[in-house]
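**Q** Quick one: structure below, then a few questions.
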């Protein structure tokens, strides 16, 4: 696939010539491909080299969990939360065929490090910070009986 904004070419002679690149990415797994895409989308002349084929290496087999920065709330790192939420939204827009929501159940019990009130406040704040189109629904609360 080639577009005017992001031409993707298998161009071995360009790599063997004196062509200068701003960024050289080694490895065409998910992380290398994303790093190359990100660099190219920022206007950097980018080359990616891969020994096998796209997604043939170990990063293609690893977890690619895209979180929205919920864990940063505990330390009041709101900028990191917003950044993670923005990146999650961008990834869902650019690669909807690769990004799908996963529901989690967070159990809370008496004496837990983070109690129900604190967790509830954090999730409401998180949903507020995620304002706008997000690839996931807002949080839901289930009591024990309803969950079981």
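**Q** For Rg and Dmax of the Cα atoms in Å, which listed value, (1) 16.7, 57; (2) 62.6, 206; (3) 20.4, 68, comes from the coordinates shown?
**A** Working out Rg and Dmax of the Cα atoms in Å from the coordinates points to (3).
**Q** What ranking do 113-125, 78-90 get when scored by the average of other Cβ atoms within 10 Å per residue, highest first?
**A** Ranked by mean Cβ neighbours within 10 Å, highest first: 78-90, 113-125.
**Q** Hey, rough spin-label estimate for residue 125 and residue 146, points 7 angstrom out along Cα→Cβ, what's it come to in nanometres?
**A** Here the answer is 2.4 nm between the modelled labels.
**Q** Considering the chain as a Gaussian network with a 10 Å cut-off on Cα pairs, which listed residue, 19, 128, 46, attains the greatest mean-square fluctuation?
**A** Maximum fluctuation in the GNM of the chain, among the listed residues, is at 19.
**Q** Moving on to the next point. Expressed as a rounded percentage, what relative contact order does the chain have, with Cα pairs under 8 Å and six or more residues apart?
**A** 15 percent
**Q** Checking the a/c ratio against 1.5 first, then a/b against b/c, what shape does the Cα gyration tensor give for the stretch 70-147?
**A** Verdict is oblate for the stretch 70-147.
**Q** Tell me the angle of helix 78-94 to the major Cα principal axis of the chain, expressed in degrees between 0 and 90 and rounded to the nearest ten.
**A** Around 60 degrees separate the two axes.
No lab work stands behind these numbers, since they all come straight from the coordinates. Model, not experiment: these values are computed from the prediction. Ideal geometry is used to build each Cβ from the backbone, glycine not excepted, and the neighbour counts take in all protein chains shown.
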